[in-house]
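The values are calculated or read from the model by the stated rules, or taken from the named source; none is laboratory data. No experiment lies behind these values; they were computed from the predicted model shown. Because the Cβ atoms are built from the backbone with ideal geometry, glycine has one as well, and the counts that use them run over all protein chains shown.
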Amino acid sequence: MSDAPANPGTAPTAPSDFIRDLVAADLAAGRYSQIHTRFPPEPNGYLHIGHAKSICLNFGIARQFGGLCNLRMDDTNPTKEDLEYVESIMADVQWLIGGWADHCLGFKPKGKTPEAQSVNGQTDYHLAPATGGSADVEPFYASDYFVPLYNFAVQLITLGQAYVCDLSPEDTEKYRGTPDRPGTNSPFRDRSVAENLELFARMKAGDFRDGARTLRAKIDMTSPNIWLRDPVIYRIRHAAHHHTGNTWCLYPLYDFAHCLSDYIEGITHSICTLEFEVHRPLYDWILQSLGLARPLPHQFEFARLNLSYTIMSKRKLLALVNEHLVTGWDDPRMPTISGLRRRGVPANALRTFALGIGVTKFNGVTDVAVLEHALREELNQVALRRLAVLRPLKVVLTNLAPGEVLEFEAGNHPTDPDAGTRKLPFSRELWIEQDDFMDVPPPKYFRLRPGGEVRLKYACIIRCDEVVKDAAGQVIELRCTADLDTRSGGPNSAKKVKGTIHWVSAPHAVAAEVRLYDRLFTEAEPEKDGRDFKSVLNPHSLEVVTAKLEASLAQPESGARFQFERLGYFWPDPVASQPGQPVFLRTITMKDAWTKEAGKV
RNA sequence: UGGCCGAUGGUGUAAUGGUAGCACAGGCGACUUUGACUCGCCUAGUCAUGGUUCAAAUCCAUGUCGGCCAGCCA
């Protein structure tokens, strides 16, 4: 799909924020020679606009400070992860940063895993990104570090800082205590190093069933921070892994794998969301306990994105997909990156949005209008203007002969002459928008009315002489007179009328399916006060119409963005369109002052 | 009622002890062959109470409100 950056000269940049300030300070103090971030999604679902914020933050920092950002699959749980998600994540990330931060994307040579090396007399593991545009590359995988991670765990045992625990999951929970009551030591806490080593090796060898034993960090069961109460760092799972197959039945947990993955990749700034704040002492504890050879990464936390009229939980998004409340992860109503992309949202608009909302530790709700504004701003610059009628009403110009065809020239963009012009046929029978005529108009209605005049954009002014209705009283046709002296370049072209409307010549029009999307939810906070988000789904989030399009829209270039004048921004659906039979999707409506005015009763 | 983290117009953010600014939204106008775009103007804010200071959104204390943490999920 072609989606070249619309305006590469105006690649969005972010204002400074507390994380960028810290990065800049670290660089100024010489703590790192180059900064290195990472984006570490778990491949258990599709990426959404919340991830877009994180992607733009991590890649944006790499871009701004001349560093790199690794894409890493955080895949330590074989029972939840899947190759389908790995592939969608790669596509989404590359699309989002395409033309903006591609040069910062850290991939590794395909198949490469960290090798043991000796640094200052101790065993160390390091895996650097592929350099110089190598062709055969892939994302980093936490699962590529299972061997080093295992060895680090052995080392932790040797240091007396970890032990094999035989407590059942239920007992582990009981011994943990509660936030306001300390835990108690596991009866297995003081096993000898030798016994721990032997047991851990047998865990790896598959001698025990799932859940029979765990490896735990030996920290402090009385800590007020629950994550320091001897957290489990390895569990037994006899399950195939999407990336390592059946090699392992022993898998590390997030807290153990993440900090060490960061270390192995030489990450300097490990940026995550607020809920990991309480894990940071554990992140630091593991790294420090191991006495590692190279500089340690540091974790920083920021508030995840919440958007009004939107839900962001992967689990709930999956429910919408599974229950067929949407057509899939890439349904254009979904807040997923693939949904937004399919809807026609340009990557640049998403970046402008993600970088513009700022980065703080305050958990708020961003108004979806901010996204919509970024979208319209981008699309207004990029989209070619076209005429299309969504809900047609026939107009007969009684002073034109049947079969007579005039031609008018229309600009493709109002402020960009380089976009060129095109010819629009004009004939006795036209389609106009039903909304653009009212039999009994309210005050301040500028469009067509009985006996009234309106300009047809790029053409001329018409007067409505007669309103034809069917037996039910519905308006089915307007009989009008065209004043050809008012055409562009004509003697009376400067004549002013209040309204200008769009139109399409009926015999030349192309009929096509157009899908009109609206917000998925009717409430700004779908889950406010514990409400079920499915109870506030917008029944009108999708409306399908057969529209009348100007002929030039019959074979749209794939990836092209159009403004259907006065209606909104549209593009051909890359999924449903067939050659010569496009299906257009409405990306976003125009800003609409009239609906607001009309609503003022 | 354990710990950690937050709180600035309606919303999101800036001000790093020295004039509370920006964006979105909203309102009014100008322009308009898109009721779009653009432009001008306007509305509206430092959670509370004390303290430190010549000076506090900023530092301190207490309180209030909100978020997160008791997966062998990430």
Among all residue pairs at least 6 apart or on different chains, which show Cβ distances below 9 Å where the first residue, located in the range A:502-518, is more than 9 Å from residue A:549 (Cα to Cα) and assigned to a loop (DSSP other than H, G, I, E, B) and the second is away from RNA strand B (no atom under 16 Å from the Cβ) and of a type in the set (Ser, Thr, Tyr)?
A:518/A:541
Among residues of the range A:15-53 being more than 26 Å from the chain's Cα centre (by Cα), away from RNA strand B (no atom under 12 Å from the Cβ) and assigned to a helix (DSSP H, G or I), the residue farthest from residue A:95 (Cα to Cα) is A:28
Looking at the range A:374-395, which of the residues that are more than 10 Å from RNA strand B (Cβ to nearest atom) and part of a helix (DSSP H, G or I) is farthest from the chain's Cα centre (by Cα)?
A:382
Here the residues within the range A:200-236 that are over 19 Å from residue A:171 (Cβ atoms) and basic (Lys, Arg) are A:202, A:204
Is there a residue being more than 30 Å from residue A:365 (Cα to Cα), surrounded by 15 or more Cβ atoms within 10 Å (Cβ to Cβ) and either modelled with pLDDT of 95 or more or touching a Cys at 6+ places or on another chain (Cβ under 7 Å) (or both) anywhere in the range A:514-530?
yes
For the range A:265-297, which positions are free of Cβ contacts under 8 Å to residues at least 40 places away in the same chain and away from RNA strand B (no atom under 15 Å from the Cβ)?
A:287, A:288, A:296, A:297
By residue number, the members of the range A:332-373 that are small (Gly, Ala, Ser), within 22 Å of residue A:273 (Cβ to Cβ), part of a helix (DSSP H, G or I) and near RNA strand B (Cβ under 10 Å from one of its atoms) are A:356
Are there any pairs, at least 6 apart or on different chains, whose C-beta atoms fall under 8 Å, with the first in the range A:150-166 and in contact (Cβ under 8 Å) with a residue 40 or more places away in the chain and over 15 Å from residue A:124 (Cβ atoms) and the second part of a loop (DSSP other than H, G, I, E, B) and among the hydroxyl-bearing types (Ser, Thr, Tyr), and if so, which?
A:163/A:186; A:165/A:186
Show the residue pairs meeting these rules: Cβ distance below 9 Å; 6+ apart or different chains; first residue within the range A:463-486 and farther than 27 Å from residue A:406 by Cα; second residue modelled with pLDDT of 95 or more and outside any strand (DSSP E or B).
A:469/A:439
Scanning the range A:63-106 for residues that are among the charged types (D, E, K, R) and surrounded by 21 or more Cβ atoms within 10 Å (Cβ to Cβ), which turns out nearest to RNA strand B (Cβ to nearest atom)?
A:74
Is it the case, given these coordinates, that residue A:206 is farther than 29 Å from residue A:73 by Cβ and modelled with pLDDT of 95 or more?
no
Does the range A:434-475 hold any residues that are near RNA strand B (Cβ under 10 Å from one of its atoms), on the phi > 0 side of the Ramachandran plot and either surrounded by fewer than 15 Cβ atoms within 10 Å (Cβ to Cβ) or not assigned by TED's automatic domain parsing to the domain that holds residue A:390 (or both), and which are they?
A:444
Quick one: which strands (runs of 3 or more DSSP E) lie wholly within the range A:71-177 and hold at least 3 residues that are outside the structural domain of residue A:289 (by TED's automatic domain parsing) and in contact with a strand residue (DSSP E or B) (Cβ under 8 Å, 6 or more places away or on another chain)?
A:162-165
Go through A:359, A:365, A:345 for me and flag whichever is touching a strand residue (DSSP E or B) at 6+ places or on another chain (Cβ under 9 Å), under 30 Å from residue A:432 (Cα atoms), among the β-branched types (Val, Ile, Thr) and in contact (Cβ under 8 Å) with a residue 40 or more places away in the chain.
A:345
Here the residues within the range A:193-231 that are touching a strand residue (DSSP E or B) at 6+ places or on another chain (Cβ under 7 Å), within 9 Å of RNA strand B (Cβ to nearest atom) and assigned to a loop (DSSP other than H, G, I, E, B) are A:210, A:211, A:212, A:213, A:231
Pairs under 7 Å by beta carbon, first residue in a loop (DSSP other than H, G, I, E, B) in the range A:232-258, partner surrounded by fewer than 18 Cβ atoms within 10 Å (Cβ to Cβ) and among the basic types (Lys, Arg), six or more apart or different chains?
A:249/A:237
Got a sec? Which of A:318, A:325 is surrounded by fewer than 21 Cβ atoms within 10 Å (Cβ to Cβ), more than 15 Å from RNA strand B (Cβ to nearest atom), farther than 30 Å from residue A:417 by Cα and touching a residue at least 40 places away in the same chain (Cβ under 8 Å)?
A:325
Residue A:273 vs (1) farther than 26 Å from residue A:84 by Cβ; (2) surrounded by fewer than 19 Cβ atoms within 10 Å (Cβ to Cβ); (3) in the same structural domain as residue A:23 (by TED's automatic domain parsing): all pass except (1)
Restricting the range A:107-140 to residues that are surrounded by fewer than 16 Cβ atoms within 10 Å (Cβ to Cβ) and among the small types (Gly, Ala, Ser), which is nearest to residue A:151 (Cα to Cα)?
A:116
Evaluate the range A:257-270: report whether one residue or more is closer than 18 Å to residue A:80 by Cβ, in contact with an Asp or Glu (Cβ under 8 Å, 6 or more places away or on another chain) and hydrophobic (A, V, I, L, M, F, W, C).
yes
